[in-house]
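The values are calculated or read from the model by the stated rules, or taken from the named source; none is laboratory data. Bear in mind the structure is a predicted one, so any value in this text is a computation, not a measurement. When we count neighbours, we look across all protein chains shown, and the Cβ atoms used for this are built from the backbone with ideal geometry, even at glycine. Areas reflect the complete protein model, heavy atoms only, side chains present, ligands, DNA and RNA absent. Shrake-Rupley method; radii C 1.70, N 1.55, O 1.52, S 1.80 Å.
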There are 2 protein chains.
Amino acid sequence: MKKKTTIYDIAAKLGLTAATVSRALNNNPKISINTRKLVLETALEMNYEQNKLALALKSGKSYNVGVIVPRIDSNFFSSVIRGIEEELYPKGYHVIICQTHNQENIENEKINSLVNVQVDGILMSISNANLEENKGFNKLLKNKKTPLVFFDRKKDIKGISSVTINDFKGGYEATKHLLDQGCKRIAHLSNDRNFEIFRNRYLGYKQALSDNGIDFDESLVIETQSNVLDGRRAARLLLDMETPPDAIFSSSDFAALGAIQEIKESGLNIPEDICVVGFSNEPFTRFMELTTITTVDQFPLEMGRTAAQVFLEEVSNTGDIKITKNVVLTPQLIIRKSSLKHKEG
Amino acid sequence: MKKKTTIYDIAAKLGLTAATVSRALNNNPKISINTRKLVLETALEMNYEQNKLALALKSGKSYNVGVIVPRIDSNFFSSVIRGIEEELYPKGYHVIICQTHNQENIENEKINSLVNVQVDGILMSISNANLEENKGFNKLLKNKKTPLVFFDRKKDIKGISSVTINDFKGGYEATKHLLDQGCKRIAHLSNDRNFEIFRNRYLGYKQALSDNGIDFDESLVIETQSNVLDGRRAARLLLDMETPPDAIFSSSDFAALGAIQEIKESGLNIPEDICVVGFSNEPFTRFMELTTITTVDQFPLEMGRTAAQVFLEEVSNTGDIKITKNVVLTPQLIIRKSSLKHKEG
DNA sequence: TAATCAATTGTAATCGATTGCATATTAATC
DNA sequence: GATTAATATGCAATCGATTACAATTGATTA
């Protein structure tokens, strides 16, 4: 277990100074060609590798970025992370993963922890709709040293960049599609609308209804968690109504799946009796045997890549004026069997 | 954007030395109670936070661990990573993610890169069956400074710990279950058997056949990639045989799904005509509407947690003799509709 | 009263690389 | 041949925290 060689070792071997070695390795023009060559050869020979920790301490840059997500084991988030990693690794950055489990206190703690290990930036999808009340987060905001980029679940905060999809449009088009299928009574499985993404999907839904002369009926909107079981519960509520809906637009694929299960078990047919549209394009929506699920693709890979790019721009921006970028990707409605009564014109 | 306060700032404010402040903060018993109290209060007041980079440089410990996987956006790997993160974060570690895309050169590079940023350990699922021929990997092995733990896709290398499931048993039980269903001609969608996991599933399959008096038929084993399309291709080959199989045990859920699609499209019924069993318990296997897929659960969360624990043991082991631990988790066959012709006795 | 000891705190080196400011050497110029 | 300029290298501080090894202080003891 021999120690790693340092520039001092190289310097000693060549009768030089660490300073000279350092400059030679960094292609400083002040170093003579001979010395440079000698140093480079010796470095190779001695298996020299730059100590990044020393560099980090000196420069204040760790070349690590933190990524905070509610959880990593969902296709959406792991795909975003994949995109981030693919974009940042070639630039020399490593990606540190943190999960919040949707708990505000954990999110708080992880933000602190990441700042504490001197990450060069934080990319996050928030778990706390009231992030501004969060101490760790506020410290991060004030000190402004660590670039912050929101993706997907963002907060509209001045000076903070974000990458999202146009959730309004996603909600609008999903609803419009259902209307085009002849549906008149469209329910919506929403989620906590303190989060922009869910509020916007909801608003898109409402707008589509209004644009097409359908009265908004609040009783058709049910707040639903993003999981199969709660989707079932919501569907049950809807089916038990005096006049059940003829379509459901769910802000979550998982809830949509639960709804589909509940609907089928009650003997109704999809899409004939009830059309269903989900959100996120989770893999299983494509794999369904009978009723592949219509859903909205959020392009998570691209979202991750873009968030990484925005981060890179921010760190490379040395000027005084900070550029805030709010990128909005366009979602894509993917029409499948769960909502397709007949070919659209 | 004020600078972060250091122990020197605290020292200056109190007319002390950085050494004293450091000791006070670290509860060194040589510091008087008064001084300690004073230092702690001032530290709090000045929002002092320990600079981990400086600490890392001094101590040689970065409190980062690297995790290398083929890809992160599959449920299996993201679940393992989730387990790792949950286990390590409370101990002060951060998890750095690297993807190889199953490419050997990238794997090589990422190993080097992680060692270079001084991670305290590497947990990995290999992408290269001939890892020993890998330069970066060998360096890692020789120098022995950075603990290495394999999970799932491991290599049997002396001195290297690993956490896997008993793939042999998984393959055996899957096959035995098919035999119990009355299947006589069981095909196997294998994968590159240079990887232990695939070889062992294959061997378990063979053993179950042999134990039950069924002759092994090599033509029923088809090397298949872990994706839907290749599963279709493999199924097509099998269906086109003179005597097609009456069951398929796939070493991948994705290939199993492809096979199911192909079988159904050719007008055959599952499980009546052909039983199918997958491997991994990917979410979609449970979500299938008609034919939920029988599969083998690998307990990825637990695998991740265990791998993390093994790593923690290795770093805390300061003795000279290195303890190598090879944990083998027990897989669980999850019987669903794709293979259940009738209740098992 | 001088010697000894314990309790605190300070000094300075260390981890490894970078960099502004000398300095030394050589070459070019008058 | 003396002066200037250019080139190459060294010196030493810095990033922030830790830690052997002094050094100081006051108290205790012979």
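Looking at segment B:80-163, what % of the alpha carbon pairs are farther apart than 18 Å?
39
Note the buried accessible area between A and B here, summed over both chains, with a 1.4 Å probe, in Å² to the nearest 100.
5100
Give the Rg (one decimal place) followed by the Dmax (whole number) of segment A:7-50, computed from C-alpha coordinates and expressed in Å.
Both quantities, over Cα of segment A:7-50: 8.9, 24 Å.
Of B:Ser22, B:Val163, B:Asn269, whose Cα points farthest to the positive end of the dipole of chain B (charges on the beta-carbon: +1 Lys, Arg; -1 Asp, Glu; origin at the Cα centre)?
B:Ser22
Could you work out which residue, out of B:Ala307, B:Ala12, B:Ala235, moves most in a Gaussian network model of chain B, that is, has the largest mean-square fluctuation with Cα springs under 10 Å?
Looking only at B:Ala307, B:Ala12, B:Ala235, the largest GNM fluctuation is found for B:Ala12.
Using DSSP, restrict attention to beta bridges with both residues in chain A and report what percent are antiparallel, rounded to the nearest 5.
For chain A, the DSSP antiparallel bridge percentage is about 10.
Quick one: helix A:300-316 against the long Cα principal axis of chain A, what's the angle to the nearest 10°, folded into 0 to 90?
Taking the Cα atoms of chain A, the angle to A:300-316 is about 40 degrees.
Which residue, chosen from A:Ile126, A:Ile81, A:Val65, occupies the Cα position most advanced towards the positive end of the dipole of segment A:64-188, where the dipole is computed from +1 (Lys, Arg) and -1 (Asp, Glu) charges on Cβ about the Cα centre?
Going by the Cα projections, it comes out as A:Ile126.
Carbon and sulfur: what percent of the protein assembly as shown's accessible surface (1.4 Å probe)?
On the protein assembly as shown, the fraction of accessible area on carbon and sulfur atoms equals 49 percent.
Using the alpha-carbon atoms, what tilt in degrees (0 to 90, nearest 10) does helix B:104-116 show relative to the longest principal axis of chain B?
20
How many percent of all Cα-Cα pairs in chain B sit more than 27 Å apart? Can you show the working numbers first?
Working: 32533 of 59340 pairs.
In whole percent, the share of Cα-Cα pairs in chain B beyond 27 Å is 55.
Would you calculate a helix-derived [θ] at 222 nm for chain B, using -39,500 (n - 2.57) for each DSSP H run of n ≥ 4 and dividing by the full residue count, to the nearest 500?
Computed ellipticity for chain B at 222 nm equals -13500 deg cm²/dmol.
Mind jotting down the distance between the C-alpha centroids of segment B:1-78 and segment A:271-331, whole Å?
38
To test your reading of the geometry: what angle, between 0 and 90 degrees and rounded to tens, separates the Cα axis of helix A:75-88 from the longest principal axis of chain A?
30
Every other copy gets compared here: list the nm distances from the A:Met46 label point (7 Å along Cα to Cβ) to its counterparts, shortest first, one decimal.
For A:Met46, the other copies' label points sit at 3.7 nm, shortest first.
For segment B:7-50, what is the relative contact order in percent, using Cα pairs closer than 8 Å and at least 6 residues apart in sequence?
This gives 35 percent for segment B:7-50.
Shortest first and in nm to one decimal, what separations exist between B:Lys142 and its copies in the other chains, measuring from label points 7 Å along the Cα-to-beta-carbon line?
From this label point to the equivalent ones elsewhere in the assembly: 5.2 nm.
Here is the link list: A:Lys155/A:Lys322; A:Lys91/B:Lys144; A:Lys4/B:Lys155; A:Lys142/A:Lys322; B:Lys139/B:Lys322. Which ones come out longer than 21 Å on Cα distance?
Over 21 Å apart, Cα to Cα: A:Lys91/B:Lys144; A:Lys4/B:Lys155.
So how strong a dipole does the protein assembly as shown carry about its Cα centre when Lys and Arg Cβ are +1 and Asp and Glu Cβ are -1, to the nearest 20 debye?
Working: 88 positive and 86 negative charges, 788 e Å.
For the protein assembly as shown, the charge dipole is close to 3780 debye.
Using DSSP, restrict attention to beta bridges with both residues in segment A:221-345 and report what percent are antiparallel, rounded to the nearest 5.
In segment A:221-345, DSSP labels about 40 percent of beta bridges as antiparallel.
Quick one: with label points 7 Å out along Cα→Cβ, list the inter-copy distances for A:Glu265 in nm, shortest first?
3.2
Scan segment A:7-80 for chymotrypsin sites (Phe, Trp or Tyr not before Pro) in coil per DSSP, keeping those whose Cβ has at most 13 other Cβ atoms within 10 Å, and list them by number.
Values: sites: A:Tyr8, A:Tyr48, A:Tyr63, A:Phe76, A:Phe77; in loops: A:Tyr48, A:Tyr63.
Passing both the DSSP loop test and the Cβ count: no residue.
Report, to two decimal places, the Cα Rg of the protein assembly as shown normalised by 2.2 N^0.38 Å (N = number of residues).
Compactness ratio reported: 1.08.
With Cβ to Cβ distances under 11 Å as the rule, what net charge do the other residues near A:Pro300 carry (K, R +1; D, E -1)?
So the environment of A:Pro300 carries a net charge of -3.
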